[in-house]
Amino acid sequence: MSLRYLLLPQLEAVLAGEGEALGISASGPWVEELTTRGIRHRALASSTRSFSLVADVRAAWELWRILREERPDVLHTHNPKPGLYGRVVGRLARVPIVVNTVHGLYATPDDPVITRAIVYLLEAMAARCSDAELVQNPEDVALLRRWHLSPRAQLLGNGIDLTRFDPDRVDPAERASRRAGFGVTDDTVVIGVVGRLVAEKGYPELLEAFARLTPGRFALVCVGGSDDEKADRLDPALVARAEADGVRFLGHRDDVDALLGAFDVFVLPSHREGFPRAAMEAAAMALPIVATDVRGCREIVEPGVNGFLVPVHDPAALAGALEAMADPGLRFRFGSGSRRRAVERFDEREVVRRVLECYRAVARRKRRALTFGVAPGR
C-alpha cells in the first residue's frame with residue numbers, strides 16, 4: 001500500500017531518470033498495478049503490520065537475501081519496522097547508499113518515558129546505519145538533533161499531487177450526485193474523515209462528538225478500510241451502532257479526490273501523526289479542517305486561518321469545533337486558507353526533487369556512480 005499510495009511518484013521519478021525501480025514489501029492487491037507501471041516487485045513473505053518478533057526476524061532475513069541477489073545502488077527504507085531493520089540489513093548487505101525516510105517517530109511526548117526511550121534508542125541505532133535521514137516533520141528534525149539521535153537528519157517535508165487534488169476540477173453535477181448518494185440535502189454539512197478504521201485515528205472520539213452535534217444539521221462520512229492486523233482496530237459492534245445512527249462507512253476507496261469534493265469539512269482526530277497525507281489532500285481541495293493538536297496536524301492546520309486544532313481524546317472540544325463549521329462564511333474563509341497553504345507547502349514535485357537530490361549528494365560524497373535503486377515499504 002505504501003509503495004502505491006505514498007511512494008509511487010518517487011519510484012516513477014527513478015524510472016524517468018532511466019534508473020530501475022524495485023519495490024520490496026509484503027505482497028498485496030497493488031503489486032499488479034506497480035508492475036504495469038514498470039516497477040519490479042519482490043515480496044517479503046513474512047512482513048506484517050503487527051508486532052511479531054519471529055516474523056520480523058524472518059522478514060529481515062528475506063530482505064538480506066533479496067539485497068544480496070539484486071545488488072541495488074540505493075536502498076531507501078520507509079515506515080517504522082522496515083525502516084528499523086532495513087537500515088541495519090542494508091548496511092550488512094553492503095548496499096552502497098542507504099537512505100531512510102522518517103514518516104513520523106513512533107513515539108509522542110505523551111507516551112510513557114520507557115516507551116519513548118526504547119523508540120529513540122532504536123532510532124539512534126538504526127540511523128547510524130544510513131547515509132541520510134530524510135525527515136518529513138520539522139518537529140521530528142528538532143527532536144532528532146536535540147537528542148543527537150540522528151546526525152544526518154534533514155527536513156524533507158511532504159506533498160501531494162496538486163493537479164489531482166484541485167477544487168477547480170470538481171464537477172458540480174458529480175458533487176451533487178455523490179452527496180445524494182450520502183442521503184443528504186444541499187443544506188447538510190457533510191463532515192468527512194479519511195483513515196484506517198483504528199482507534200489511533202480518533203474514531204471513538206469522533207463518533208462521540210458527532211452524537212453531540214445538532215441533529216439533522218450534519219452528516220459524517222468515513223473513508224477507510226478495516227485493519228485487522230492492528231490491535232486497536234475498531235470493534236465491528238461500534239461501527240454497526242454508528243451506522244444505525246446514520247454514519248456512513250465507505251471502506252477503502254481510490255476516488256478520494258472526488259469524495260473530498262463532496263465534503264464540506266474535513267476532520268482528523270488522530271492520537272498521533274507523522275505528516276498526514278489525507279489532511280494535505282483535504283487542504284488542497286480547499287476544505288476547512290478540524291484536527292487534533294498533534295505533530296503533523298500542526299503543519300497542516302493554522303488555527304483561525306484554515307481550521308481548528310483541538311486536544312486529543314476530547315470529544316467535547318471536537319464537537320464544539322465541528323459545530324462552528326455550520327457557518328458557511330467560516331467554511332469559505334478556512335477553505336481558501338487551506339488551498340493557499342497547500343499550494344505554498346505541499347507540492348509533491350518538490351519532495352521528489354529533494355529525494356533524488358539526496359541520492360545524488362550521497363553518491364557524490366561517497367564518490368560513487370549512481371543509477372537509481374530500491375524503495376522498500378509496506
*Name the residues in segment 126-155 that are assigned to a strand (DSSP E or B) and either of a type in the set (Asp, Glu) or farther than 18 Å from LYS81 by Cβ (or both), would you?*
ALA132, GLU133, ALA153, GLN154, LEU155
*Might you let me know whether segment 132-144 holds any residue that is free of Cβ contacts under 8 Å to residues at least 40 places away in the same chain, within 21 Å of MET1 (Cα to Cα) and not basic (Lys, Arg)?*
yes
*Please enumerate the residues belonging to segment 47-94 that are in a loop (DSSP other than H, G, I, E, B) and without any contact (Cβ under 8 Å) to a residue 60 or more places away in the chain.*
PHE51, SER52, ARG71, ALA93, ARG94
*Go through (1) buried (at least 22 other Cβ atoms within 10 Å of the Cβ); (2) more than 18 Å from GLU133 (Cα to Cα); (3) touching a strand residue (DSSP E or B) at 6+ places or on another chain (Cβ under 8 Å) and name the single condition ALA43 misses.*
(1)
*When only residues in segment 9-40 that are in contact with a helix residue (DSSP H, G or I) (Cβ under 8 Å, 6 or more places away or on another chain) and assigned to a helix (DSSP H, G or I) count, which is surrounded by the fewest Cβ atoms within 10 Å (Cβ to Cβ)?*
GLU33
*asked:* Restricting to segment 197-233, name every residue that is in a loop (DSSP other than H, G, I, E, B), modelled with pLDDT of 95 or more and of a type in the set (D, E, K, R).
replied: ARG217
_Going through VAL374, VAL294, VAL310, VAL305 one at a time, which residue ends up being under 24 Å from VAL135 (Cα atoms) and either at pLDDT 95 or above or surrounded by fewer than 20 Cβ atoms within 10 Å (Cβ to Cβ) (or both)?_
VAL294
*Every pair of residues 6+ apart whose Cβ atoms lie under 6 Å, when the first sits in segment 18-33 and is assigned by TED's automatic domain parsing to the domain that holds ALA45 and touching a residue at least 12 places away in the same chain (Cβ under 8 Å) while the second is of a type outside the set (A, V, I, L, M, F, W, C) and in a helix (DSSP H, G or I)*: TRP30/ARG4
*Count of residues meeting criterion [surrounded by fewer than 16 Cβ atoms within 10 Å (Cβ to Cβ) and either small (Gly, Ala, Ser) or closer than 29 Å to TYR106 by Cβ (or both)] in segment 327-346*: 4
*From (1) in a helix (DSSP H, G or I); (2) of a type outside the set (Gly, Ala, Ser); (3) surrounded by fewer than 14 Cβ atoms within 10 Å (Cβ to Cβ), pick out the condition that doesn't hold for LEU122.*
(3)
*Could you figure out which of (1) assigned to a loop (DSSP other than H, G, I, E, B); (2) more than 25 Å from PRO269 (Cβ to Cβ); (3) not assigned by TED's automatic domain parsing to the domain that holds ALA107 isn't true of ASP187?*
(2)
_I'm checking my understanding of the structure. Among residues of segment 231-258 that are touching a residue at least 40 places away in the same chain (Cβ under 8 Å) and within 16 Å of the chain's Cα centre (by Cα), which one is surrounded by the most Cβ atoms within 10 Å (Cβ to Cβ)?_
VAL256
*Could you list, in sequence order, the residues of segment 98-119 that are out of contact with any helix residue (DSSP H, G or I) (no Cβ under 7 Å at 6 or more places or on another chain), assigned to a loop (DSSP other than H, G, I, E, B) and without any contact (Cβ under 8 Å) to a residue 24 or more places away in the chain?*
PRO109, ASP111, PRO112
*over 16 Å from the mean Cα position of the chain (by Cα), surrounded by 15 or more Cβ atoms within 10 Å (Cβ to Cβ) and farther than 16 Å from ALA258 by Cα - does that describe any residue in segment 161-179?*
no
*Only one residue in LEU149, LEU155 is farther than 20 Å from HIS271 by Cβ, surrounded by fewer than 17 Cβ atoms within 10 Å (Cβ to Cβ), touching a helix residue (DSSP H, G or I) at 6+ places or on another chain (Cβ under 6 Å) and not assigned by TED's automatic domain parsing to the domain that holds GLU299. Which one?*
LEU155
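The values are calculated or read from the model by the stated rules, or taken from the named source; none is laboratory data. A quick note: this is a predicted structure, and the numbers were derived from the prediction, not measured. Note: ideal-geometry Cβ built from the backbone for every residue, glycine included; neighbour counts use all protein chains shown.
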